[in-house]
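S.K.: Dropping a structure here in structure tokens format, bear with me for questions.
The values are calculated or read from the model by the stated rules, or taken from the named source; none is laboratory data. Just so it is clear, the model here is predicted, and its values are computed rather than measured. Cβ: placed from backbone, ideal geometry, glycine included. Neighbour counts: every protein chain shown. All accessible areas refer to the heavy atoms of the entire protein, side chains included, with ligands and DNA or RNA removed. Shrake-Rupley method; radii C 1.70, N 1.55, O 1.52, S 1.80 Å.
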Amino acid sequence: MENKNQQINSPLHQLAHKIVELIKSGADLSQAESKIHQFIQDIERTDIKQSRQEVIFKNDQYKNKLQELSAQNEAILASIPDIIMQVDNNKIYTWANKAGYDFFGTDVIGKPASYYFEGEQKTYNAVSPLFSGNKDHIYIESWQKRVDGEKRLLAWRCQVLKDNQGNITGVLSSANDITEERKRQEKLRESEERFRIIASNTPDHIIVHDMELRYTTVINPQLGLTETDMLGKTDFDFLNKEEAGKLTAVKRKVLATGKPYHLETSLKNKKNKPEFFNGSFIPKLDSEGKINGLIGYFKNITERRFAENALQKSRSELQEYFENDISADFTVSVDGKIISCNRTFLRLFGFENELHTKKINIVKLYKNPNDRKRLIKQLIRNGKVENYEIDFKTIDGKNINTIINAIGLVNNRNKLVKIRGYVVDISDRKKVEQELEQNKELFSLFMKHSPFYAYIKEVNPTQSRVIQASDNFIEMLGLQSKKMIGKTMEELFPPEFAKKITADDWSVVNNGQILQVEEELNGRYYTTIKFPIIQGEKKLLAGYTIDITDRKQAEEKLKTSHALLDKLAAQVPGVVYKYRLYSDGQSAFPYSSSGMNDIYEVTPEEVQTDASPVFTRIHPDDYNYIVESINKSAQNLSLYHSEFRVILPKQGLRWRLCDAKPERMEDGSTLWYGIITDITERKLAEEELAKYRNHLEDLVKERTLDLEEKNEKLENFNKLFIGRELRIKELKDKVAKLEKQLEGKK
């Protein structure tokens, strides 16, 4: 009813009523128009007066509300640790919060953003899509000049500003000072790069797998393999099926559980001989803490396999951490009740939702209760705290390191009742700092207790200067640490020797290649290995030196002994040798004289590690006999003796005589010391003699038969002749008898 009366008494209704009255009175139209116009002006003056009063009243209300909101917003902006700046379309600063004034200075408003740029920058190019309307927000990093003149790196998050018609009016940006974080990351990267370079020059074996267990990185390949043999492949590509299966099962377990796994295992190398390894597999994490591969650290312990004790069986689990680039804001009461918080705060402390926070008092999450007491004391005394480091426990028991920036909110009696602020998780930074300290400590321990003479130098074309050295290297030169660190080669060594070292050092860092040299100083011999460490504009060189004087002397004696042995062996017809048969069936001639060329037409070097070229020369009909006789001699340790045939590329079929004495070695293999001679001429003579003997026997048999035949004929003749002689004699006797008879008759 009230609304209806208001409509009846409205100025429009009054105007209509006035026009009706004028028409009824028959007034002149020109007079009526003048009166109506006057009436309208009266109504307008009345409405304007009423409107002004209403507007003034409402403006007072809005002003009070605006002042209240402005005060609240100013308090919020004052407690924000981030720098917040606004620029117009000409990139001129038009507004800043307290953090912005603290960084750039109180005179920042009205200056172009480029005024504070440090160094050559492409910042304007990067943000141009905001001003052109192609993007609404952009992230950039830019070096800026702080009010004290120091160069700082800021991480900017820029958001475009528009008016009611959608026209771009400027850009609002928030920034974090990430200079220290970047420095820590650079130090960690340099430390990791230095570790990789040093690791590549140590005997440790380091491998990296992807999720499909393919090799993506290989440092110091083992088993006689190369990086090319392994990269992009799995264990099944170069290990036997059983070994590959066991290793793959372990690696998959690490990927599934996220826990490190320590093992000691043996693998067969390319020569099918076992090698032993001790080390661990650990999960490889990406920047979000998710497993994206596998890392293995191993030592080849083949030579000391039987002397080692069990090593550490596991490594501690990697601590999970949360990463978020948005600060976690909160408001809590003095007694620790959470009044409000954002989602980042919920995630940071492990709350399921805001209702969950009502059940837990934040006081219980302080790792050290005294931190809370000190925080409240500062708030009462100063009204705010900045960059206050506190360790908390999340509701699921995890430890987090944080920085808090907060202000105290008081009541009408100026009593602290609430705390409002932002908490930033710095667990990652702490972890990086700890890792950096650990790396520094490990490196210092390495330099202090290195079995080698280790050092690091800073190198340029004309000078090579020591910046770090192991204690034993300093002692070797007979110096004190203070007298060596910072010294150039010319200050430490004789001129010519120093000149050569400086030239070698520059060659290493300039060419980026590893150098190994043998050097002689003061009557002693050293082997030195140098490798480059490039860090930005710095050119560093790391190296280690081994005293090889004793080895050199032993080598000279051995060389002399070998020369004498070779000379003596060269005078022996045939080949003097050592032959070794391993338990796995492999064999080699560790030593053989130059006669190996004549006996088998192979060089001593060709059979020094593998005897198979010799066995290819043995006559097929004699091969099994030779293998069986060798195995029998090895089994019984009986003297070896054999005569056998060989077929040689140049000499053809030849005969060999072998005599050797066996000896059992510690690893179960058998070693023979022997001599092999050429008996071809003797064998040919024996064969020729056999032929003559057989021919003579045939001739004797043939002659015997002939003689027997002749004897038989002779006997027959004799018989005939004797018979005739007897007959003649008988006749003669008869004649004589007749003659006597005749004489008697006379």
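To keep it simple, each residue is scored yes or no on (1) open to solvent by 40 Å² or more (accessible area, probe 1.4 Å); (2) free of Cβ contacts under 8 Å to residues at least 40 places away in the same chain.
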site: Val614; (1), (2): no, yes
site: Asn636; (1), (2): yes, yes
site: Arg645; (1), (2): yes, yes
site: Leu648; (1), (2): no, no
site: Gln651; (1), (2): yes, no
site: Arg656; (1), (2): no, no
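S.K.: Right, another one. Which condition does Asn90 not pass, out of (1) surrounded by 15 or more Cβ atoms within 10 Å (Cβ to Cβ); (2) at pLDDT 90 or above, if it passes all the others?
M.R.: Condition (1) is where Asn90 drops out.
S.K.: Additional query: Looking at the range 250-277, which of the residues that are part of a strand (DSSP E or B) and open to solvent by 40 Å² or more (accessible area, probe 1.4 Å) is nearest to Ile301 (Cα to Cα)? If you could, list the steps in order and put the result at the bottom.
M.R.: Filtering the range 250-277 down to residues part of a strand (DSSP E or B) leaves 261-268, 274-277.
Next, from what is left, pick out any that are open to solvent by 40 Å² or more (accessible area, probe 1.4 Å): 261, 264, 266, 268, 274, 276.
Values: Tyr261: 18, Glu264: 9, Ser266: 10, Lys268: 14, Pro274: 11, Phe276: 5 Å.
Only one residue tops the list, namely Phe276.
S.K.: Report yes if Gln586 is in contact with an Asp or Glu (Cβ under 8 Å, 6 or more places away or on another chain) and in contact (Cβ under 8 Å) with a residue 60 or more places away in the chain, otherwise no.
M.R.: Details: in contact with an Asp or Glu (Cβ under 8 Å, 6 or more places away or on another chain): yes; in contact (Cβ under 8 Å) with a residue 60 or more places away in the chain: yes.
In short, yes.
S.K.: Test Arg304 against the criterion of being open to solvent by 80 Å² or more (accessible area, probe 1.4 Å), more than 27 Å from Ile376 (Cβ to Cβ) and modelled with pLDDT of 50 or more, and give yes or no.
M.R.: Working: open to solvent by 80 Å² or more (accessible area, probe 1.4 Å): yes; more than 27 Å from Ile376 (Cβ to Cβ): yes; modelled with pLDDT of 50 or more: yes.
Yes; evaluated as a whole, the condition is true for this residue.
S.K.: Within the range 111-159, work out how many residues are farther than 15 Å from Thr179 by Cα and among the basic types (Lys, Arg).
M.R.: Going through the range 111-159 one residue at a time, the tally reaches 4.
S.K.: While we're on this one: Residues to consider are Lys251, Lys241, Lys259, Lys246; find the one that is farther than 30 Å from Lys431 by Cβ, among the charged types (D, E, K, R) and touching a strand residue (DSSP E or B) at 6+ places or on another chain (Cβ under 9 Å). Spell out how you get there, then give the answer.
M.R.: Working: Lys251 fails: farther than 30 Å from Lys431 by Cβ; Lys241 fails: touching a strand residue (DSSP E or B) at 6+ places or on another chain (Cβ under 9 Å); Lys259 fails: farther than 30 Å from Lys431 by Cβ.
The conditions single out Lys246.
S.K.: For Ser287, work out the one condition from (1) exposed (fewer than 13 other Cβ atoms within 10 Å of the Cβ); (2) closer than 18 Å to Glu212 by Cα it doesn't fulfil.
M.R.: (2)
S.K.: If you check His205, His209, which single one turns out to be modelled with pLDDT of 90 or more and closer than 30 Å to Ala542 by Cα? Steps first, please.
M.R.: Values: His205 fails: modelled with pLDDT of 90 or more.
Only one candidate passes the filter, namely His209.
S.K.: State which residue is farthest from Val160 (Cα to Cα) when the search covers only the range 88-137 and only residues that are within 46 Å of the chain's Cα centre (by Cα) and of a type in the set (Val, Ile, Thr).
M.R.: Thr123
S.K.: Can you tell me how many residues in the range 153-178 are free of Cβ contacts under 8 Å to residues at least 40 places away in the same chain, under 17 Å from Asn90 (Cβ atoms) and part of a strand (DSSP E or B)?
M.R.: Final tally of qualifying residues: 3.
A quick yes/no check of all residues on (1) touching a residue at least 24 places away in the same chain (Cβ under 8 Å); (2) of a type in the set (Asp, Glu); (3) surrounded by 18 or more Cβ atoms within 10 Å (Cβ to Cβ):
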residue	(1), (2), (3)
Glu118	yes, yes, no
Asn125	no, no, no
Leu130	yes, no, yes
Gly133	yes, no, no
Tyr139	no, no, no
Val147	yes, no, no
Lys151	yes, no, no
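S.K.: Where residues in the range 346-375 are part of a helix (DSSP H, G or I) and polar (S, T, N, Q), which of them is modelled with the highest pLDDT? Break it down stepwise before answering.
M.R.: So in the range 346-375, the residues part of a helix (DSSP H, G or I) come out as 346-349, 354-357, 362-365, 369-375.
Now narrow it down to the ones that are polar (S, T, N, Q): 357, 370.
Values: Thr357: 84, Asn370: 89.
Of everything passing the filter in the range 346-375, Asn370 is modelled with the highest pLDDT.
S.K.: Being at pLDDT below 90 and more than 25 Å from the chain's Cα centre (by Cα) narrows it down to one residue among Ala469, Ala454, Ala406; which is it?
M.R.: Numbers: Ala454 fails: more than 25 Å from the chain's Cα centre (by Cα); Ala406 fails: at pLDDT below 90.
After ruling out the rest, the residue left standing is Ala469.
S.K.: Restricting to the range 493-515, and then to whatever is open to solvent by less than 80 Å² (accessible area, probe 1.4 Å), more than 18 Å from Ile456 (Cβ to Cβ) and in a helix (DSSP H, G or I), can you tell me which residue is modelled with the lowest pLDDT?
M.R.: Going through the range 493-515, the residues open to solvent by less than 80 Å² (accessible area, probe 1.4 Å) turn out to be 493-494, 497-498, 501-509, 512, 515.
From what's left, more than 18 Å from Ile456 (Cβ to Cβ): 494, 497, 503.
Next, from what is left, pick out any that are in a helix (DSSP H, G or I): 497, 503.
Working: Phe497: 86, Ala503: 91.
Residue satisfying both the conditions and the ranking: Phe497.
S.K.: From (1) open to solvent by 50 Å² or more (accessible area, probe 1.4 Å); (2) part of a helix (DSSP H, G or I), pick out the condition that doesn't hold for Thr106.
M.R.: Looking at each condition in turn, Thr106 falls short on (2).
S.K.: Do we have Trp143 as closer than 24 Å to Val432 by Cβ, modelled with pLDDT of 90 or more, open to solvent by less than 40 Å² (accessible area, probe 1.4 Å) and among the aromatic types (Phe, Trp, Tyr) here?
M.R.: On the way: closer than 24 Å to Val432 by Cβ: yes; modelled with pLDDT of 90 or more: yes; open to solvent by less than 40 Å² (accessible area, probe 1.4 Å): no; among the aromatic types (Phe, Trp, Tyr): yes.
Answer is no for this residue.
S.K.: Here's something else I'd like to know. Can you name every residue in the range 408-437 that is more than 15 Å from Ser327 (Cα to Cα) and of a type outside the set (D, E, K, R)?
M.R.: Residues satisfying the conditions are Gly408, Leu409, Val410, Asn411, Asn412, Asn414, Leu416, Val417, Ile419, Val432, Gln434, Leu436.
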